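The values are calculated or read from the model by the stated rules, or taken from the named source; none is laboratory data. What you see is a predicted model; the values in this text were computed from it and never measured. FYI the Cβ positions are ideal-geometry reconstructions off the backbone, even for glycines, and counts take in every protein chain you see. Calculation scope for accessible area: heavy atoms of the full protein, side chains included, ligands and nucleic acids excluded. Shrake-Rupley method; radii C 1.70, N 1.55, O 1.52, S 1.80 Å.
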Amino acid sequence: MKAACCALSSTTILLMSTVFFTLTFSESVLARNDSRNFWIDYENNTFVKDGQPFRYISGSFHYFRTVEQKWDDILRKFRLCGLNAVQTYVEWASHQPTSAQNYTFDGNLNVFKFLDLAQKNNLSVILRPGPYIDAERDM
């Protein structure tokens, strides 16, 4: 019996799998030694997370456009609305405005804190790194 899921082409699934991360960047997750996994079941055309068919329901949130003090509340509301994932860009133009500067991850650019808060709110993360993010920014 096939698992119920939306119909996706294998190209779409492959593309989506390259950007789907379940918070492996967070130090607290890296420190854990558990058997979490994520893979694609091509035969049943579905994602599999921790051994179970997985369908993500995602909203988009640009952490760098909002003060970090509001992130936890916003992510909590994502979860309360029934979402199980959040997608966000990593805007390198803000993290490193010029090639002569070091990367900055302070304040509303603290992507590591954002990932920790997403984990705290039981949200998977679809991380969309730059350099070009097409987020209506002119930098």
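Computed quantities for the displayed model
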{"quantity": "Placed amide H near residue 54: partners under 5 Å, 5+ positions off or other chain", "calculated": "47, 48, 49"}
{"quantity": "Geometric extent, Cα atoms of the stretch 30-101 - Rg, Dmax (angstrom)", "calculated": "16.6, 48"}
{"quantity": "Simple spin-label estimate for residue 79 and residue 99 in nanometres, 7 Å along Cα-Cβ", "calculated": "4.2"}
{"quantity": "Percent RCO, i.e. relative contact order, over the stretch 80-139, from Cα pairs under 8 Å lying at least 6 residues apart", "calculated": "54"}
{"quantity": "With all protein chains modelled, accessible area of residue 65 [1.4 Å, Å²]", "calculated": "110"}
{"quantity": "Average accessible surface area per residue within the stretch 44-131, 1.4 Å rolling probe, Å²", "calculated": "53"}
{"quantity": "The stretch 61-128, accessible surface, carbon-and-sulfur percent (1.4 angstrom probe)", "calculated": "51"}
{"quantity": "Cβ-placed point charges (K, R +1; D, E -1), dipole of the stretch 55-139 about Cα centre in debye, nearest 20", "calculated": "400"}
{"quantity": "Karplus-derived HN-Hα couplings along the stretch 115-129 (A = 6.51, B = -1.76, C = 1.60, θ = phi - 60°), whole Hz, x at Gly and Pro", "calculated": "5, 4, 5, 4, 4, 4, 8, 6, 10, 6, 10, 9, 8, 10, x"}
{"quantity": "Residue 57 accessible area, 1.4 Å probe, all protein chains in place, Å² to nearest 10", "calculated": "80"}
